[in-house]
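What follows is a single structure, written as structure tokens, with notes after it.
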Amino acid sequence: MVAAFTSISPHPLSSSLHHKFQPSLLAYSLSSTTESTNLSNTGRNLSTCVPLRIQNAATKPAKSPAEEDWKIKRQVLLEKKVRSVDVKEALRLQKENNFVILDVRPEAEFKEAHPAGAINVQIYRLIKEWTAWDIARRAAFAFFGIFQGTEENPEFIQSVESKLPKDAKIIVACSAGGTTRPTQNLPEGQQSRSFIAAYLLVLNGFKNVYHLDGGIYKWFKEDLPLESEE
């Protein structure tokens, strides 16, 4: 007699980091294993073992560098001496030392208002594809009432390279910024889109990368020069 056992095991899968929250999806893999038993047939013992593993079609792609653990990102940023500068120092560096402010917010937010002279390459974009995984992520965002979910921009580095040389002096900015400084509540600091972008830049050979402390929000609050494309 052949005895079959079927088990369903959950695997948590996370979508790319979203600037407000990170919804999680739960995919299931179905694995069936047929246990072998001794069968007697014309005086001989026979064994049958048929392993089978079926993976859900909405399997998440392999982890990208942007999805690396923040602890590892933070260590690399510290080793590469990616320094945070406040908004007034950023403005001075932009005017006096040819620094470029790289705004990594979504294109629509950039067009609404941004630091004067900044360039935009979004680190996250609206989900474009319709693979099983993308459909599952859209559903997860919709569950939380968000109908324009985002994904990592796979052309981020390529787009930056088309606009800036590797030795450009870059100040990376997002909405609120993060920090590598430890606090009592955040011993590893706080990740942000701008730090993710800075991490990708230094991994890809950009040598002069800085981070805007307080982000674009602080720039607006200090009433520093703005531009709009609307």
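Read the figures in this text as sums done on the coordinates, not as results from a lab. Computed from a prediction, not measured in an experiment: that's the story for all the values here. Ideal geometry is used to build each Cβ from the backbone, glycine not excepted, and the neighbour counts take in all protein chains shown.
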| query | What is the local net charge at G117, summed over the other residues whose Cβ is closer than 11 Å to its Cβ (Lys, Arg +1; Asp, Glu -1)? | reply | -1
| Amide H of K169: which non-local residues (sequence gap of 5 or more, or other chain) have their own amide H closer than 5 Å, using H built in the peptide plane? | V100
| field | Amide N of region 213-228 lying under 12 Å from the label point, which is placed 7 angstrom from the Cα of A176 along Cα→Cβ | value | 214-218
